[in-house]
Every structure is written in C-alpha cells, then in structure tokens.
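The values are calculated or read from the model by the stated rules, or taken from the named source; none is laboratory data. Predicted, not measured: the structure shown is a model, and the values here were computed from it. Glycine gets a Cβ as well: all are built from the backbone with ideal geometry, and neighbour counts include every protein chain shown.
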Ligand code: ADP
C-alpha cells in the first residue's frame with residue numbers, strides 16, 4: 001500500500017504466459033493492481049479474467065515491448081486508469097536458438113542469422129530499455145519506483161546455441177547496474193533476477209536426456225517453477241527492499257555455484 005492507502009501498481013510485461021503469468025497472479029494476490037502487458041493480447045486478457053475472478057484488480061493491454069511507442073502508450077493507459085506506477089517487471093522474452101556457426105563433418109553448414117540475433121536483442125534487451133525508459137519519468141515524479149528485470153543464469157556462464165539470448169541477458173545485468181546508479185537517488189531501485197532452469201513452455205522441447213542432466217546439475221534436485229521466480233520479483237519489488245539496488249539475484253536451485 002502507498003502512504004495514501006491506495007494499492008501499489010505493477011506492470012508485468014510478457015504477463016500472459018509462463019513466468020509472467022505466475023508473476024501477475026502473485027502480485028494481484030499480494031494486493032497490487034496489475035497491468036498485464038503482452039504481445040499475445042488474448043493471453044493477457046485471460047490472466048486479467050483470472051485475477052478479477054479472484055477479487056483482484058488488473059488491466060490487459062497488447063504491448064510489443066520492442067516498440068518504444070507501444071511502451072509509451074501503455075504507460076499512458078496505466079496512468080489514466082491508476083494514476084501512478086510503482087513497479088515494472090521486465091519479463092517479456094523470446095528465444096531463437098542457433099549456433100554462431102554450425103559445423104558438420106568439418107564443414108560450416110549454417111549460422112545464426114543477423115535477423116535471428118537482432119530479433120532476440122530487440123525483445124529481451126531493447127524491450128527492457130524501452131519499458132524502463134517509458135516508466136521512469138513517472139517514478140521520478142513519485143520519488144518511488146521498483147524496476148525488476150529478467151536476466152538469466154546463462155548471462156553468467158553462457159549457453160550453447162544462445163549467442164543472441166545470452167548477449168541480451170548479459171546486457172540486462174549491465175543496464176540494471178547503470179540504472180541502480182542513475183536512479184537510486186530518486187527512490188527508485190533497479191534489480192534483476194537470474195532464473196535458472198525453469199519448467200515453462202520454453203523448455204518443453206528439451207530432450208529427456210538433457211532435461212535429466214540439467215536436474216542433476218541443480219543441487220536442490222528439481223526444475224524451478226514459474227512461482228519460484230514470481231516470489232523473487234515480489235520480494236525485490238517490496239517497499240521494504242529499498243536498500244537492495246543493482247543486485248542480480250540468481251534463482252536457480254544452486255546450479256551456478258562454482259561455475
Ligand atoms: P517464460 O518461459 O520465460 O515464461 P514464455 O514464452 O512462457 O516464457 O513467456 C514469455 C511471454 O512474453 C509470452 O507471453 C510472450 O507472448 C511474451 N512476449 C514475447 N515477445 C513479446 C514482445 N515483443 N512484447 C511483449 N510481450 C512479448
């Protein structure tokens with residue numbers, strides 16, 4: 001709650017599915033009014049229906065985070081409805097995996113295309129920049145804000161076939177640390193969560209052998225659930241987390257220890 005006893009307002013990008021959906025539901029359950037932004041409009045609307053059916057407050061909007069004008073218009077809509085923005089959860093993401101160069105029998109037979117590289121950067125890196133830039137003037141005026149962005153443990157140790165995704169997620173680490181320095185004096189914190197192996201649609205295509213190996217390398221012995229990440233977002237977004245700034249919180253069951 002704010003000092004005027006109004007609920008805090010949170011925007012969750014990519015809130016229609018997976019981790020974003022779990023996050024939108026979790027924030028609503030915690031008493032936030034939630035703006036669910038997603039490229040998939042119907043998915044966002046379905047999440048809003050679930051929140052309102054449970055007695056919460058939420059609005060859905062089709063926003064392509066890679067488009068600055070979409071983010072600016074989205075912010076205007078949230079302000080019109082709720083009058084403030086307390087939290088931005090930068091969660092929207094995509095993958096387009098491919099090796100830098102693909103080699104077969106000693107011959108180069110393919111490569112990650114420039115478009116494939118750019119597409120992931122546009123959503124996972126520029127999208128975070130666009131949304132954050134769109135909300136920050138409001139947060140500065142309020143002298144309050146919580147920006148939580150989604151990096152990944154792969155930003156810390158790389159991942160086969162993910163030059164584009166790893167570049168974006170490492171970029172999120174860098175941007176978060178810049179914003180922590182630039183915005184801290186205005187009552188705004190910027191932090192990131194680095195999820196490990198989370199059981200979402202994104203990983204459904206992983207072969208069983210690889211899945212089992214991933215579990216084996218996770219000390220807690222299980223894949224993460226979307227709710228594990230949602231809890232971390234909620235913690236970093238809390239009013240009382242005001243001294244946590246520029247942190248990259250791994251939520252990975254311990255999988256990166258020692259790497
Ligand atoms: P995860 O496994 O990380 O939860 P999902 O694919 O389930 O990943 O969810 C990512 C969400 O981000 C999806 O709801 C998807 O529609 C959304 N999304 C993807 N690209 C964009 C974009 N450009 N703008 C807004 N939302 C996006």
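Number of residues in segment 208-259 that are part of a strand (DSSP E or B) and under 27 Å from residue 178 (Cα atoms): the value is 4. The sole residue among 173, 166, 203, 193 that is within 16 Å of the ligand (Cβ to nearest atom), in contact with a strand residue (DSSP E or B) (Cβ under 8 Å, 6 or more places away or on another chain) and within 17 Å of residue 91 (Cα to Cα) is 193. The criterion of at least 3 residues that are at pLDDT 95 or above and within 16 Å of the ligand (Cβ to nearest atom) is met, among strands (runs of 3 or more DSSP E) falling completely within segment 48-155, by 57-62, 87-90, 145-150. Restricted to segment 159-184, and to residues there that are touching a residue at least 24 places away in the same chain (Cβ under 8 Å) and not in a helix (DSSP H, G or I), the residue that is surrounded by the most Cβ atoms within 10 Å (Cβ to Cβ) is 162.
Count of segment 29-47 residues, restricted to those that are within 21 Å of residue 234 (Cα to Cα), under 18 Å from the mean Cα position of the chain (by Cα) and part of a helix (DSSP H, G or I), is 2. Hey, can you tell me all the residues within segment 44-62 that are more than 18 Å from residue 80 (Cβ to Cβ) and buried (at least 20 other Cβ atoms within 10 Å of the Cβ)? The answer is 47, 51, 56.
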